[in-house]
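Working notes, beginning with the structure itself.
The values are calculated or read from the model by the stated rules, or taken from the named source; none is laboratory data. This is a predicted model, so every value here is computed, not measured. Cβ placement follows ideal geometry from the backbone for every residue including glycine, while neighbour counts extend to all protein chains displayed. Note: accessible area is taken over every heavy atom of the protein model, side chains too, but ligands, DNA and RNA are not part of it. Shrake-Rupley method; radii C 1.70, N 1.55, O 1.52, S 1.80 Å.
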Amino acid sequence: MKFYDAHNHLQDERFAGRPAELVAECAQAGVARMVVNGACEGDWPEVLALAKAHPLVLPSFGYHPWYLGERTPEWRQNLEKFLDAVPSAVGEIGLDRWKPGLPYAGQEEVFLAQLAVAAERNLPVSIHCLQTWGRLEELLRGQARPAGGFVLHSFGGPVEMIPGLARLGAYFSFPGYFLHARKERQRAAFRQVPADRLLVETDAPDQPLPPELIRFPLADAAGKPLNHPANLGTVYEGLAAVRGESVEALAARVEENFLRVFRVTA
Ligand SMILES: [Zn+2]
């Protein structure tokens with residue numbers, strides 16, 4: 001069985017000095033490809049370096065809503081430069097009304113600029129959305145979108161919105177964090193995702209699995225737990241159980257979906 005991580009942050013500074021070892025452990029654990037999402041101009045060079053060093057890494061470049069305050073006046077040209085450098089995706093981009101203290105003003109403008117870049121280049125785009133699903137759908141519906149579709153990473157939106165978002169081209173990505181007992185609403189939503197739009201992710205180093213499910217424990221220098229991207233297989237097992245199917249059947253389906261939306265070959 002091959003596993004595909006639709007969303008992680010291998011370049012995260014909490015993993016500094018460890019990516020080669022993490023990638024080797026992932027390969028050993030059956031991870032065939034992983035989409036490594038940049039979050040700001042400061043980390044795009046590291047994402048590019050990881051893609052050059054590890055064929056398993058599919059790079060993605062974008063401005064995450066949490067880091068918009070860091071952007072330079074040339075951020076958009078800079079983004080295009082990284083997209084020109086290597087076959088890549090756009091992301092992580094998004095909208096966030098959840099994070100305390102984060103200004104919403106300006107988020108839509110940067111989101112739409114990056115969506116336009118993805119649409120023009122027909123590149124898959126990974127979208128973060130917290131507590132603003134209605135507005136996200138409205139913006140997506142009114143804009144040019146990548147013809148090959150887009151990814152809603154850690155989809156936690158209302159189940160009722162799934163058919164409409166799917167018609168717009170959405171793929172829905174399931175993180176291990178949703179295996180925590182209290183995330184029943186999110187698991188129930190994933191029972192309704194069309195089989196040809198399912199993806200699986202770790203979001204490593206964030207979104208840890210419930211402690212009893214962690215096969216690859218990891219911590220930073222201070223002892224704070226980190227999500228190891230090799231936990232991906234366990235996330236597949238969890239989602240297969242949620243949907244009442246075998247992990248083999250799920251893995252075959254997710255492989256097709258991943259290769260289709262990210263335009264890569266196995
Ligand atoms: Zn992310």
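Below, the figures for the structure above:
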read-out	value
For Gly62, residues with placed amide H under 5 Å, excluding near neighbours	Gly38, Ala39, Cys40, Gly91, Glu92
List Glu138, Glu120, Glu237, ordered by accessible area with a 1.4 Å probe, largest first	Glu120, Glu138, Glu237
Label-point separation, Ser246 to Glu70 (7 Å along Cα→Cβ), nm	4.5 nm
Cα shape, region 151-191, gyration tensor, a/c 1.5 rule	oblate
DSSP-assigned coil residues among chymotrypsin sites (Phe, Trp or Tyr not before Pro) in region 191-266, each with at most 16 further Cβ atoms within 10 Å	none
Cβ-derived FRET efficiency at R0 30 Å, Val159 paired with Ala20, nearest 0.05	0.15
Accessible area per residue, Å², region 190-229 with all protein chains present, probe 1.4 Å	48 Å²
Area of Thr72 that stays accessible when all protein chains are in place (1.4 Å probe, Å², to 10)	50 Å²
Theoretical gain in end-to-end length, Glu109 to Gln192 [0.36 nm per residue, Cα-Cα removed]	26.7 nm
Sparse-neighbourhood loop sites, trypsin sites (Lys or Arg not before Pro) in region 183-222 - DSSP loop, at most 13 other Cβ within 10 angstrom	Arg191, Arg215
Cα gyration tensor, region 12-166 - rounded (a/c under 1.5), prolate or oblate	prolate
Sequence of Met34, Met1 when ordered by accessible area, the most exposed leading, probe 1.4 angstrom	Met1, Met34
Rounded to whole Hz, the Karplus (6.51, -1.76, 1.60) HN-Hα couplings of region 172-186, x for glycine and proline	10, 10, 9, x, x, 4, 6, 7, 5, 3, 6, 8, 4, 4, 5
³J(HN,Hα), Karplus 6.51/-1.76/1.60, whole Hz, each residue of region 15-28, x for Gly, Pro	9, 3, x, 10, x, 4, 5, 5, 4, 4, 5, 5, 4, 4
Nearby lysines by direct alpha-carbon distance to Lys183 (threshold 29 angstrom, same-chain neighbours under 8 apart not counted)	Lys2, Lys99, Lys224
Per-residue HN-Hα couplings for region 216-225 [Karplus 6.51, -1.76, 1.60; θ = phi - 60°; Hz; x = Gly/Pro]	10, x, 7, 9, 7, 4, 8, x, 6, x
Exposure of Leu198 as accessible area (Å², to 10), given a probe of 1.4 Å and all protein chains	0 Å²
Built amide H within the under 5 Å cut-off of Phe155, gap 5+	Ser173
The chain: C-alpha gyration tensor shape, a/c 1.5 cut-off, then a/b vs b/c	rounded
Area accessible to solvent at Lys81, 1.4 Å probe radius, in Å²	130 Å²
Built amide H within the under 5 Å cut-off of His7, gap 5+	Val35, Thr202, Asp203
Glu74, Glu201, Glu13, ranked by accessible area, largest first (probe 1.4 Å)	Glu13, Glu74, Glu201
Computed [θ] at 222 nm, helices only, for the chain once each DSSP H run of length n ≥ 4 contributes -39500 (n - 2.57)	-11000 deg cm²/dmol
Simple spin-label estimate for Arg167 and Ala221 in nanometres, 7 Å along Cα-Cβ	5.3 nm
Antiparallel content of DSSP bridges confined to the chain, in %, to 5	5 percent
